[in-house]
Amino acid sequence: YDPATAGSDLGIPYVDEPENVVIKEYKRNTVKEVYDKVEADLLEGLPLITNEYEVPKFHFNVKAANAFASRYYTFKGEWQKVIDYSNQVLDNDPANVLRDWTNLYAGLTYDEITARYISTDEPANLLLVSGVSLFARLSHFSGARYQLSQNVFQELYSLSSNPIPGKRWSYNLFGDDLSFNIPKYDEYFRFTNASAGIGLPYATFSLFSTDEVLLNRAEAYTMLNQNDNAIADINSFLSVKTNGYDVTTDILTIDDIKTFYNIDPGVYTPFYGISINQSPLIHCISEFRRREFQNEGLRWFDIRRFNLEVTHEDFVGNKTVLEKEDNRKLRQLPPDAISFGLEPNAR
């Protein structure tokens, strides 16, 4: 989203009425029209959301709706709204509701971590959804080849990548350089014919979490120059993601972050601009997202809204660069949609 171009950028069709014909023609709304319609639905629908379900976390419950609002306004750069909606999700001590890799997950086996990660008992999970998918099967040892290479593994999770001196990240990684992975997905196989042994594989995904909401809020505090609040959220996050975390000695300061996450301000170039003083904090928060949501897809949102350049290197050393402004960042419409007359994205 860029307000300077949103009125002309092509978005998606936004369907807000039932179809009454077999095949209905749609047009692509502009990005501004899509965002405006999403916001209108959000503001109208939020007061109607309840937790009156047998298992609320498998439904769009109150905290999940506020987490969606937190994400939406992060993309739009409306920072006070990010804080207001995030506060509806987080407790006074947010570390109590984050995914606790330092203590709770530390002693668990691979299967136990997998079960816990998508459990309704996990306080970090705000909205869970299950769908027919082989992803849980493919993300484990047998199918995870090269998705987390040795070089990327070292970049993200080595001792030197944690900003607290001498402390490691507490994420539990399994496998080897062919199949490094963090247990996050478990398969439920639903038999449609038990005697024949056939059925459908399901995978469960956590679509919104308290960890994302906290990092959204830390980013909003940063952009409003409320550095003390941003640092407090950053330290809350680190307290449950760092091995051997000591609350008396491992508190980061703004100077610590500026030193460890020093970066050229030209790397992060969203439409609203980031100052030299804000850049290290934004880089810190973005790097936290890379680790926390590895293999969950949220990194792509940061790549898009921050206009990040990405270099991919294959296993023989060939490099492919995705530029800051690159048409390949726009996913192409499905061929069926194009065949019905929707304008394709430029490639």
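In this label model, Asn92 and Leu43 are separated by 3.2 nm, measuring between points 7 Å along each Cα→Cβ vector. The alpha carbon centroids of the range 268-282 and the range 173-191 are separated by 35 Å. With a threshold of 20 Å on the Cα-Cα distance, the over-threshold entries among Lys81/Lys324; Lys241/Lys329; Lys32/Lys81; Lys27/Lys81 are Lys81/Lys324; Lys241/Lys329; Lys27/Lys81.
Within the assembled protein chains, the solvent-accessible surface assigned to Thr192 is about 90 Å², based on a 1.4 Å probe. Solvent-accessible surface (1.4 Å probe) assigned to Ile274 amounts to roughly 30 Å².
Just check the range 190-300 against the gyration tensor rule for me: Cα atoms, a ≥ b ≥ c as the square roots of the eigenvalues, rounded for a/c under 1.5, and otherwise prolate or oblate depending on whether a/b exceeds b/c. Since a/c reaches 1.5 and a/b is larger than b/c, the shape of the range 190-300 is classed as prolate. Exposure check, 1.4 Å probe, all protein chains in place: Glu323 carries approximately 80 Å² of accessible surface.
Under the combined filter of DSSP loop state and at most 13 neighbouring Cβ atoms within 10 Å, the range 53-121 retains these GluC sites (Glu not before Pro): Glu54.
In this structure the amide hydrogen of Leu108, modeled in the peptide plane, comes within under 5 Å of no amide hydrogen from residues 5 or more places off or on another chain. In terms of accessible area, using a 1.4 Å probe and ignoring ligands and nucleic acids, Val240, Val55, Val15 rank largest first as Val15, Val55, Val240. Of the listed residues Arg331, Arg217, the order by accessible area with a 1.4 Å probe, largest first, is Arg331, Arg217. So what's the gap between the Cα centers of the range 286-347 and the range 59-128, to the nearest angstrom? What the calculation gives is 25 Å, centre to centre. Once you list every other residue whose beta carbon is under 15 Å from the beta carbon of Arg137, what net charge do they have if Lys and Arg are +1 and Asp and Glu are -1? Every neighbour counted, the sum reads 0.
The values are calculated or read from the model by the stated rules, or taken from the named source; none is laboratory data. The structure presented is a predicted model; accordingly, all values stated were derived computationally and were not measured. Note: ideal-geometry Cβ built from the backbone for every residue, glycine included; neighbour counts use all protein chains shown. Accessible surface is based on the protein model in full, side chains and every heavy atom, while ligands, DNA and RNA are left aside. Shrake-Rupley method; radii C 1.70, N 1.55, O 1.52, S 1.80 Å.
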